[in-house]
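Everything on this sheet refers to the single structure shown next.
Please treat every number below as a calculation from the coordinates, not as lab data. Here the structure is a predicted model, which is why all the values come from computation and not from measurement. Heads up, the Cβs are rebuilt from the backbone with ideal geometry, glycines too, and the neighbour counts pull from every protein chain shown.
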Amino acid sequence: MSDELLNNEENDTVTLTLDDDTEIVCDVITIFSCDEKQYIALLPQDSEEEGEVYLYRFMETNGEPELINIEDDDEFERVSDAFDEWLDSEEFDEMYGYDEEDI
């Protein structure tokens, strides 16, 4: 996958399993590049916090998607900035019904 919005009739989803075995279903917002690596932005469907977005490093291994936690604070800051730039260039409020200031 490349730097494109995954926008079908229905959005692609990812189910995250947390350490306590809680599952969170998230819409895939986009997969984007930063520092020659791929990252994915996810929007939880049932979030208690409006506009919450999860960012992960994204890789495909043998055709299977793999999400990797971003452990380094500097890397996370760069990725957050890159996502914000992507968000500024998109019509996010039209895609998901949110205003950019809600994020």
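Structure above, values below:
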{"quantity": "Extension reserve of the Glu90-Lys37 stretch, reckoned as 0.36 nm per residue once the Cα distance is removed", "calculated": "17.0 nm"}
{"quantity": "Extension gain, Asn62 back to Thr22 (0.36 nm per residue minus Cα-Cα distance, nm)", "calculated": "11.7 nm"}
{"quantity": "Alpha-carbon gyration tensor eigenvalues x 5, square-rooted, for the stretch 13-96, Å", "calculated": "19, 18, 13"}
{"quantity": "Per-residue Cβ neighbour rank within 10 angstrom, fewest leading, Val53, Val28", "calculated": "Val53, Val28"}
{"quantity": "Highest-first arrangement of 55-65, 34-44, where packing means the average Cβ count within 10 Å", "calculated": "34-44, 55-65"}
{"quantity": "3J(HN,Hα) from dihedral phi, the stretch 34-43, Karplus parametrisation 6.51/-1.76/1.60, rounded to Hz, x for glycine, proline", "calculated": "7, 6, 6, 10, 9, 10, 10, 10, 10, 10"}
{"quantity": "Added length on full extension, which subtracts the Cα-Cα distance from 0.36 nm per residue, Glu75 to Thr13", "calculated": "19.9 nm"}
